[in-house]
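Notes for the one structure printed next.
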Amino acid sequence: MTCDLLVTYPVRVTTDDDRVFKALSDPTRRHLLDNLFERDGRTLTELVSRLEMTRFGVMKHLRILEEAGLVVTRREGRQKLHYLNPVPIRLIHDRWIDKYRERQVSALAYLKSELEETA
Amino acid sequence: MTTMTEQATQVYSVFIRATPEQVWDAITKPEFTTRYFHGTRIESTFEPGAPYLSLAGDSDQTLVDGEVLESDPPRMLKHTWRALYDPETASEPFSRVTWEIEPQEGGVTKLTVVHDQLEAAPKTAEGVAGGWSYVLSGLKTLLETGEPLQG
């Protein structure tokens, strides 16, 4: 029997995927991402002007998006610009969605062969 | 379906459980690029002024050409970019790609790709918008698991 508690009882750690799902679970944050999707490289002031929310509130949401890697900021002269980073969504797509879609497709293929055999 | 408006500057970033040297090798060695970069072989000496070429894996057709602007292994690589695989993008002016490699805590490296100077290259901007996510996802998977993405 192993005495390694870390192996036997894994400590719940926040993973990259957790942060992405949490960030995407809020409609305001999805709205912010949609804004950047529409046009990338916006300032905080620009993003605030498109939401009925205080500057502080928008900053809080942007911080969660940044921690999840969904928003990346870059300095451009005196301005700090916010960019949409789609890579974390792509990673979830490649690791999760593809996996389950594959099973669904094979289930449909099975159904088709079953129906055609009995027809 | 919503399509992304072409962006003059695009930023892509990914955290990879690997060293900066491993990430640099994955970007600059053809034995790696064939496994995650649409099967293409990278060809360059990575010295400023040298050509940066991306060749089709199964032929010598040049798919992307450019010139190395700056190189600081294993931290940064900057080169120009012109996609030749499509006559529309081939006729557009060169844009610019910067790879930034930053070590983080816990054996993790942050890789950021900035594709900019796309103002006069809208077809290229449109073409690479989905492509970079796919390429970086594949690069991460390859370095962390030793296997390319399925499919």
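Any residue that is within 14 Å of another protein chain (Cβ to nearest Cβ) and in a loop (DSSP other than H, G, I, E, B) - is there at least one of those in segment B:118-140? Among the residues of segment B:118-140, at least one is within 14 Å of another protein chain (Cβ to nearest Cβ) and in a loop (DSSP other than H, G, I, E, B), which makes the answer yes. Does B:GLU144 meet the test of being more than 25 Å from A:PHE37 (Cα to Cα) and either touching a strand residue (DSSP E or B) at 6+ places or on another chain (Cβ under 9 Å) or within 14 Å of chain A (Cβ to nearest Cβ) (or both)? Against the criterion (more than 25 Å from A:PHE37 (Cα to Cα) and either touching a strand residue (DSSP E or B) at 6+ places or on another chain (Cβ under 9 Å) or within 14 Å of chain A (Cβ to nearest Cβ) (or both)), B:GLU144 qualifies.
Restricting attention to segment B:130-138, does a residue exist that is aromatic (Phe, Trp, Tyr) and in contact with a Leu (Cβ under 7 Å, 6 or more places away or on another chain)? No. All conditions but one from (1) farther than 17 Å from B:ASP65 by Cα; (2) in a strand (DSSP E or B); (3) β-branched (Val, Ile, Thr) apply to B:VAL97; the one that does not is (1). In summary, helices (runs of 4 or more DSSP H) completely within segment A:34-119 and bearing 1 or more residues that are in contact with a helix residue (DSSP H, G or I) (Cβ under 9 Å, 6 or more places away or on another chain) occur at A:44-49, A:55-67, A:87-92. Candidates in segment B:125-143 are the residues that are more than 20 Å from B:SER95 (Cβ to Cβ) and of a type in the set (S, T, N, Q); of these, the one that is nearest to the chain's Cα centre (by Cα) is B:SER137.
Candidates in segment A:66-94 are the residues that are without any contact (Cβ under 8 Å) to a residue 24 or more places away in the chain and either within 20 Å of B:GLY130 (Cβ to Cβ) or among the aromatic types (Phe, Trp, Tyr) (or both); of these, the one that is surrounded by the most Cβ atoms within 10 Å (Cβ to Cβ) is A:ASN85.
The requirement of being farther than 19 Å from B:PRO20 by Cα, within 12 Å of another protein chain (Cβ to nearest Cβ) and in contact with a strand residue (DSSP E or B) (Cβ under 6 Å, 6 or more places away or on another chain) is fulfilled nowhere in segment B:69-87; no residue meets it.
For beta carbons closer than 7 Å, sequence separation of 6+ or different chains, a first residue in segment B:73-93 that is touching a residue at least 40 places away in the same chain (Cβ under 8 Å) and a second that is of a type in the set (S, T, N, Q), the qualifying pairs are B:LEU77/B:SER71; B:TRP81/B:SER95; B:ALA83/B:THR89; B:ALA83/B:THR124.
Where a number appears in this text, it was derived from the coordinates with a stated rule and is not lab data. Not measured: the values here are computed from a predicted model. Note that each Cβ is placed from the backbone with ideal geometry, even for glycine, and that neighbours are counted across all protein chains shown.
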